Amino acid sequence: MDEEPAGAPSLLVLRCLGLGDFVTAVPALRALERSHPDHVRHLAGPAWYRELVRAAGLRWRVIPSGPLRAPPWKGRAPDLAVNLHGHGPRSTSALRSLAPRVLWTYGTPAVTGDTEAPWPGAVHDVRLWCGLLEWNGVPTRPTDLRWPSPDGHDGDGKTVLVHPGAAAPSRRWPASRFSRVVRWLSERGAKVLITGNAEERPLAERVARDAGRGPESVLAGRTTLSGLAHTVAGARLLVCGDTGIAHLASAYGTPSVRLFGPMPPSLWGPIVDIDLHACLWSGSRGDPHANRLDLGLAALDVEEVLLACQRVLARSESHRPSPGGPLSAEEG
């Protein structure tokens, strides 16, 4: 953003969460940009949000912050603070401690007030945070999720990304099954790259090794966030669980096959370009933070995932032509 104008009103948003949570908040952040163009806008979150703010084409100053604590703040109190982090008392109290002139937040039984919006319950995360703004009179566009295409993002038409990791064990489909998917895609001419963060590199290496692929296929731990976004934007297909990289596929219109469990796609799946994505879910709900594989996710078998890959590849051929020829979706 440009240099802060003297005396300009300030807007502070708290959203100190992960990659997918950032992406699902973009429509709300854009709505606040439109409704408060004269405010200096601050986003309290991880320092690496700076890369995502640039990639999404947003204009916010990122204040590196830890979750559920008061963001570091200098000068007079914020004119408006918005809690896009959660609806529990700790995130609301963190913002209250800065004494903002106005605070927008969802209410809870433990934190009540006439200015707090009622918690709507189980709704898609994008619509959840747009709903908070709508309750406070700000028009929103929940489907305003697409990001600008990065320069030079066009791929070779054959790159497929497979992402076996997820933040919690409950949302990690077995590595052996991901290996079978990687092998199947490779046998059909795909250039398969296995993504993940540095901590997930051993998992990615195991998937590659069991699929008969070399270390050059492992991208995990070798990219920045903006580099990962660039890679997703140029990919032909992404295969992953219910995790952050899936939301980058929504942001860039990259076709995907997503494996859900224990949370349903109605809460975390794509809400734009629905025909580009296949969301597989057994219908069983569980704890998304549990330390063992969710039974519903375990119920998804490899054949079901391969069929979904075939369908998505076939649908995407007319939309994403390959300079080197299309990647066949037929059995060979």
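Every number in this text was worked out from the coordinates using simple rules, so none of it is lab data. Keep in mind that what you see is a predicted model, and the values were worked out from it rather than measured. Note that we place each Cβ from the backbone using ideal geometry, even for glycine, and neighbour counts take in every protein chain shown.
Evaluate the relative contact order of the chain (contact order divided by residue number), counting alpha-carbon pairs under 8 angstrom at least 6 apart; express in whole percent. Value for the chain: 16 percent. Here the scattering of region 159-316 is modelled by Debye summation over its C-alpha atoms, one equal scatterer each and no solvent; at q = 0.14, 0.21 Å⁻¹ the log10 of I(q)/I(0) is -0.61, -1.52.
Between region 47-69 and region 227-254, the alpha-carbon centres lie 19 Å apart. Measuring how big region 10-135 is from its alpha-carbon positions, Rg and Dmax come out at 13.3, 37 Å.
Put a plus charge on the Cβ of each Lys and Arg, a minus charge on the Cβ of each Asp and Glu, and nothing anywhere else: the dipole of the chain about its Cα centre is then about 520 debye. With neighbours defined as other Cβ atoms within 10 Å of a residue's Cβ, the residues E134, E116, E216 order from fewest to most as E216, E134, E116. Here's how it looks for L43: its modeled amide H is under 5 Å from those of V13, R61, V62, I63, which are all 5 or more places away or on a different chain.
Potential lengthening of the chain between A298 and R61 amounts to 81.2 nm, from the contour at 0.36 nm per residue minus the alpha-carbon distance. 3J(HN,Hα) along region 36-44: 10, x, 8, 7, 7, 9, 10, 10, 8 Hz, from the Karplus curve 6.51 cos²θ - 1.76 cosθ + 1.60 with θ = phi - 60°, whole Hz, x for Gly and Pro.
For the chain, the membrane-span-like helices by this rule, meaning whole DSSP H stretches whose C-alpha atoms cover at least 20 Å of axis and whose Kyte-Doolittle mean is -0.5 or above, are 19-35, 302-316; this says nothing about an actual membrane. Between D156 and A47, the FRET efficiency estimated from the beta carbon spacing at R0 = 35 angstrom works out to 0.60. Size of region 1-64: Rg and Dmax of its alpha carbons, in Å, are 11.2, 34. Residues of region 62-78 with amide nitrogen under 15 Å from the 7 Å Cα-to-Cβ point of N136? Backbone N within reach: 78. Relative to its Kirkwood radius, the Cα radius of gyration of the chain gives an Rg/Rh of 0.99.
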